Amino acid sequence: MSAKLSTKPLVTIVGAGNLAGALAVALREAGYRIDQIVSRRSAASLRRSRRLAREVGAAVVVAARVQIRSAVVWFCVPDGAIAGAAASLTGAADWQGKVALHSSGALTSDELAVLRERGAAVASVHPLMTFVRGSRPSLAAVSFAIEGDPKAVRAARTIVLRLRGLPFAIGKRQKEAYHAWGMFASPLLTALLVAGERVAGAAGIARKPARERMLPILRQTLANYARLGAAASFSGPIARGDVATIRKHLQVLLEVPEVREIYVALARAASRDLPAKNRGALRKLLSRAE
């Protein structure tokens, strides 16, 4: 390896999307030098790469022309592009002794097998965080699921700890379930909030004011969940066993049948997994509503 991990090796990042931006900035703030941002040829990719490179003091290189000097190469590209991106860079370096990482939540380190065959130690390193345009979250206190070759896992753990993240081990067979869990924590939660906005519309409240008016209860619910756990933070008519109110909800939600399906599914899960009174009557009502 061209630099010892204990002395903060050079890092090359492949890609310049939302995750790459957050990671590059966090690495820079943690004292790592970002040597290169590897870009595709498209004008949009080059613009993003140049913008990120200016921010972290790196060079921009098109994949077809890159020569990689870094000890660590981190692939921050869409899941379906990881294996192809790795294959396209096989001739860009002597991979013997290098560490190659990717950040897919669902895919394993085997996506980088072509670099493993050339001597690199490989791992998947996924931050349990959401990355969207217009928002760049801190990686401090974020959990990172890591699996792969022992050398790459050790290197990734060291980097994550220096980012003030929380590394933990995940098995290859658990990656898909792990990623599905992450879906519930953010994308599907967002979908649930949008469903709530539609129900607000049935109550005559437009989406923007609905979002603003939901925020206090959402924040308090998350605060309760974080401090007290799910059971102690559960409230409302299911917790009280108020069958009459649930029946009224089901009736009014006939106006938005797609959302009604979500309501029934979540209500059934709540009556099964959370403290609820009058469970038998609730389950009977919900089974008829399907």
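Quick note: the coordinates plus some simple rules give every number you see, no bench work behind them. Nothing here was measured: the structure is a model prediction, and the numbers come from that model. Please note: Cβ atoms are built from the backbone with ideal geometry, for glycine as well, and neighbour counts cover all protein chains shown.
Can you grab the distance from the C-alpha centre of segment 102-151 to the C-alpha centre of segment 254-290, Å, no decimals? Cα centres, segment 102-151 to segment 254-290: 38 Å. Here, segment 96-145 has an Rg and a Dmax of 13.2, 38 Å when only alpha carbons are counted. For the chain, a Gaussian network of Cα nodes joined below 10 Å ranks HIS102, HIS179, HIS249 by mean-square fluctuation, and the top entry is HIS249.
Secondary-structure-derived ellipticity at 222 nm for the chain, considering helices only, amounts to -15000 deg cm²/dmol, per-run term -39500 (n - 2.57) for DSSP H runs with n ≥ 4. Helix 150-162 and the long axis of the chain differ in direction by around 70°, with both axes built from C-alpha atoms. The orientation-averaged projection of the convex hull spanning the C-alpha atoms of segment 5-174 amounts to 8.6 square nanometres. Ranking ALA169, VAL142, GLY80 by Cα position along the charge dipole of segment 65-183, where only Lys, Arg, Asp and Glu carry charges on their C-beta atoms, puts VAL142 farthest toward the positive end. For segment 179-290, the Cα-based Rg and Dmax, in that order, read 14.4, 38 Å. Note that segment 100-185, at 25 °C in a medium of 0.890 mPa s, gets a Stokes-Einstein diffusion coefficient of 187 µm²/s from its Kirkwood radius over C-alpha pairs. Computed 3J(HN,Hα) for segment 253-260, one whole-Hz value per residue from the Karplus formula 6.51 cos²θ - 1.76 cosθ + 1.60 where θ = phi - 60°, is 6, 4, 5, 10, x, 5, 6, 4, glycine and proline marked x.
Hey, which lysines would be in cross-link range of LYS208, C-alpha to C-alpha under 27 Å, not counting anything within fewer than 8 residues on its own chain? Qualifying lysines at Cα under 27 Å: LYS248.
Each residue of segment 79-84 was assigned a 3J(HN,Hα) from its phi angle through the Karplus curve 6.51 cos²θ - 1.76 cosθ + 1.60 (θ = phi - 60°); the sequence is 3, x, 9, 5, 4, x Hz, with glycine and proline shown as x. Applied to segment 138-149, the Karplus parametrisation 6.51 cos²θ - 1.76 cosθ + 1.60 on θ = phi - 60° returns per-residue 3J(HN,Hα) values of 5, 9, 5, 6, 7, 7, 10, 8, 10, 8, x, 5 Hz, with x for Gly and Pro. Cross-link partners for LYS98 among the lysines, with Cα-Cα distance under 20 Å and sequence neighbours closer than 8 places in the same chain left out: LYS4, LYS8, LYS151.
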